[in-house]
1. Per residue, how many Å² of accessible area does segment 235-296 show with a 1.4 Å probe?
2. Once ligands and nucleic acids are excluded and a 1.4 Å probe is used, how much of PHE244 is accessible, expressed in Å² to the nearest 10?
3. Taking 0.36 nm per intervening residue step and subtracting the Cα-Cα distance, what contour gain separates ALA20 from MET229 on full extension?
4. Sort TRP171, TRP153 from largest to smallest accessible area, using a 1.4 Å probe on the heavy atoms of the protein chains.
5. Using only protein heavy atoms and a 1.4 Å probe, report how much of LYS216 is accessible, in Å² to the nearest 10.
6. Would you tell me the accessible area of GLU261, worked out with a 1.4 angstrom probe on the heavy atoms of the protein chains, in Å² to the nearest 10?
7. By average Cβ neighbour count within 10 Å, what is the ranking of 197-203, 283-289 from highest down?
8. Sort MET280, MET293, MET229 by heavy-atom solvent-accessible area, probe 1.4 angstrom, most to least.
Amino acid sequence: MKCPSCGAEVTGRFCSYCGAPLPAASNDNTSVTKNTDTDRLVDDWQSFDDYVNRDLSKPVADTGNGTGSPASGKNETPAARRREENKKNPNSGSGRSRNTATNQHTIHKTTTQKTKTKRKKKKKGGRLLSAATSLTTGSVKLGGTLFYLVIQWICVALMALSTLRMAQNFWANRVTLGSIAGVVQEKNYAQGIYLIGALICVGFGCIQALWIASRKRMPDHGKIRQVDMGRGLFGFVVLVLLAFVSTYAYPILPANPAPLEGAKLFFHIVDDLGKSFLFMNVIGAVLCVVRKMGTR
């Protein structure tokens, strides 16, 4: 419709050139041009926006036909020019804003995917490292258990061998001071001292060998676990001391009275076992100390 004030061809309720209110259109025209309230509201806002942003430097020219177009000869408004510019150059104005928002969304999405991928790789690497650590720890623990088990049975073997050697030497010299039956009948006290000393040494060695082979039972998280406490150190130390004492006691003990003769023979038998007997018991004592340190 034409603006009654300036004569320009406009739409809506206000003139986009002079801002004058436009008369209401007839029902027929309204039904043809505007179908919904939404369309009318859009035209009203567009007309108002065109009026506010109008170029006052361009006067309205009357072409004589009463159309009232701008002096430039083109019926363009600032809003129309912006729409045309956005169509021609998407990178300017609102088009650039939309592209920037799209690019930011794409960048954010890519960054999020990379972060998730890194987290998955880190979590997977952590699981692999944990499994490798558990496997290594289990292997070290198993190796340590086998190591101390081998040492324990070496100690058992050393004690058993020392006891066997003493038993053999004592048995080989059992009749040196007389018969075993004559200890009571003939009151052979020397033979009695010798036999008592031999039985004590052999019995002590057997008990120590069994003691070394045993383990202490200890509770562990509701279960009973057998732990090697390094048993046998006392037995090896006693045999080492016995070997040292025998080396110095045998030469100085007299043959009289009779009981001393039996003691002299006892120390002589132990001294005859030699340095190998002493060496075995020293090694056994050292291994017992190592076993004790392993249980801490």
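The values are calculated or read from the model by the stated rules, or taken from the named source; none is laboratory data. This structure is a prediction, so every number in the text was calculated from the model and none was measured. No Cβ is skipped: glycine too gets one built from the backbone with ideal geometry, and neighbour counts run over all protein chains shown. These accessible areas exclude ligands, DNA and RNA; they are computed on the full protein's heavy atoms, side chains included. Shrake-Rupley method; radii C 1.70, N 1.55, O 1.52, S 1.80 Å.
1. Accessible area per residue, segment 235-296: 53 Å².
2. PHE244 exposes around 100 Å² with every protein chain in place.
3. 64.4 nm
4. TRP171, TRP153
5. Approximately 90 Å² of LYS216 is accessible to the 1.4 Å probe.
6. 70
7. With the highest mean Cβ count within 10 Å placed first, the list reads 283-289, 197-203.
8. Sorted by accessible area, descending: MET293, MET229, MET280.
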